[in-house]
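Novice: Okay, here's the structure, questions in a sec.
The values are calculated or read from the model by the stated rules, or taken from the named source; none is laboratory data. Because the structure is a prediction, the values reported are computed rather than measured. Please note: Cβ atoms are built from the backbone with ideal geometry, for glycine as well, and neighbour counts cover all protein chains shown. SASA here: full protein model, heavy atoms, side chains in, ligands and nucleic acids out. Shrake-Rupley method; radii C 1.70, N 1.55, O 1.52, S 1.80 Å.
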Amino acid sequence: FTKYDDLYNFGKDKNILTIEIEKVNIKALLDLEKDGVTIYPEPSVIQQIQDKGLQKQFYQQHNIPSSPFTIYANADEIRTAVANGELNYPFVQKSRKDGYDGKGVHVVNEVKDLDSLIEAPCLVEEKVEIFKELAVIVARNSKGETIAYPTVEMEFNPTANLVEFLVCPAAISDEVEQVAQAMAKQVIESYNMTGILAVELFLDKEGNVLVNEVAPRPHNSGHHTIESIHTSQYEQHLRAILGLPLGSTAIKCPSVMINILGSSGYAGPAKYVGLDECMAVDGFNLHIYGKETTKPFRKMGHATILDTDINKAKEKARNIQDKLKVIS
Ligand code: ADP
């Protein structure tokens, strides 16, 4: 999907195309669209979202709250800005393109962190005092109807910088819930986009909700929807791009989703340890992606734990994280 010819030839005889990863060859999508293939999300939107610098400019232009930022051509420009006193610690550097799962994000707290700046076109954001990291998945169909999913709360593994615990519903006030859902709708409507959009948000320590970034596709923060919500994010995406009525996003059962990551210290053909014990847990739902080899922190699958009592779901999730290991 990154090679022009492969993508163009794949798409040329299709009626409709969609994506499940935004790192695609945009020129091929734009040409296919010109040649009459319907593509959702719209290639021009995917193109904007591929570039975090353009994303931030878009939020600014559309009055969507997001942390203040500056665009830099390279790491040396950042060093110069710091030396001139134009830029103060702490700040967060992000490469404009090709970042994912925290790769392409560099937190600069002090002078020694300048040695490991990312050497690429980038932006610098004010470091947000994060209270909670939230996400809202929102869908918009080709008739312009929108629906948002309940807000989820993400907890990160500090070493791998990957989401490791995703809780639905988020433990936030009704007011924050409404602000988060309204903001997600504002973003998808501003993009005039068809499909589903995962909107990652920060709730800062002062109670402000800020957009961090978006992904125009089914997303890690929506995996729990398969079991815990009336309409899964995958079905919703298809409903949206096919112009069908959007499905209910009501919660069937509270849930905790965990990513199943390769254990540190192991690389090679994947073996799963502790599965039997986990399968015996009430409300445990397993998704293994079938990747043949593991490496430290590689995403190998996910599990969603359902329980009407969210605290019990968290306890089970912790237990499963201790038991279920991917080794080689
Ligand atoms: P990726 O595209 O790799 O997921 P993100 O922009 O989501 O990158 O950043 C990864 C993580 O870095 C976030 O989930 C958050 O924990 C932290 N982070 C990103 N931007 C900021 C910021 N402006 N202030 C504080 N922390 C941030």
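Novice: What do you get when you divide the Cα radius of gyration of segment 1-112 by 2.2 N^0.38 Å, with N the number of residues?
Specialist: In units of the globular-protein estimate, segment 1-112 measures up at 1.36.
Novice: Hey, another quick one. For an R0 of 35 angstrom, estimate the FRET efficiency from the Cβ-Cβ distance between V281 and A81 and round to the nearest 0.05.
Specialist: After rounding, the FRET efficiency stands at 0.10.
Novice: So with the 1.4 Å probe, I'd like the accessible area per residue for segment 168-220, rounded to whole Å².
Specialist: On the way: 1970 Å² over 53 residues.
For segment 168-220, the solvent-accessible area averages 37 Å² per residue.
Novice: Rounded to the nearest 20 Debye, what is the dipole magnitude of segment 125-261 about its Cα centre when Lys and Arg each give +1 and Asp and Glu each give -1 at the C-beta?
Specialist: For segment 125-261, the charge dipole is close to 620 debye.
Novice: Would you please put 1-10, 176-185 in order of how densely packed they are, using the mean number of other Cβ atoms within 10 angstrom per residue and starting with the highest? Walk me through the intermediate numbers first.
Specialist: Details: 1-10: 13.2, 176-185: 19.6.
Ranked from most to least packed, the peptides come out as 176-185, 1-10.
Novice: What does DSSP give for the chain in terms of the percent of beta bridges that are antiparallel, rounded to the nearest 5?
Specialist: 95
Novice: If you don't mind, there's one more thing I want to ask. What is the ratio of the Cα radius of gyration of segment 146-218 to 2.2 N^0.38 Å, where N is its residue count, to two decimals?
Specialist: Rg over 2.2 N^0.38 Å, computed on Cα atoms: 1.12.
Novice: Ok, one more. Expressed as a whole number of Å, what is the distance separating the alpha-carbon centroids of segment 86-117 and segment 1-69?
Specialist: Centre-to-centre (Cα) distance: 26 Å.
Novice: Scan around V108 for amide H atoms under 5 Å from its own, H built in the peptide plane at 1.01 Å from N, and keep only partners 5 or more places away or cross-chain.
Specialist: F91, V92, Q93
Novice: Quick one: of K56/K185; K3/K271; K23/K94; K3/K295, which pairs are farther than 28 Å apart, Cα to Cα?
Specialist: K3/K271
Novice: How large a share of the accessible area of the chain, in percent, is made up of carbon and sulfur atoms when the probe is 1.4 Å and the other protein chains stay in place?
Specialist: Percent of accessible area from carbon and sulfur atoms in the chain: 48.
Novice: Which order, highest average first, do 54-60, 81-87 follow once you tally other Cβ atoms within 10 Å for each residue and take the mean per peptide?
Specialist: Going by the mean number of other Cβ atoms within 10 Å, highest first, we get 54-60, 81-87.
Novice: Restricting the count to DSSP beta bridges whose residues both fall in segment 1-128, what percent are antiparallel, rounded to a multiple of 5? Working shown, then result.
Specialist: On the way: 14 of 16 bridges.
In segment 1-128, approximately 90 percent of DSSP beta bridges are antiparallel ones.
Novice: Per residue, how much accessible area does segment 1-107 have with a 1.4 Å probe, in Å²?
Specialist: Numbers: 5880 Å² over 107 residues.
Heavy-atom accessible area per residue stands at 55 Å².
Novice: Okay, moving on. Under the definition of Cα pairs under 8 Å and six or more residues apart, what whole-number percent is the relative contact order of the chain? Don't skip to the answer; put the middle values down first.
Specialist: Values: 690 pairs, mean separation 45.8, N = 328.
Contact order relative to length: 14 percent.
Novice: Hey, another quick one. Rounded to whole Å, give me the distance from the Cα center of segment 226-288 to that of segment 307-328.
Specialist: Centre-to-centre distance over Cα atoms comes out at 13 Å.
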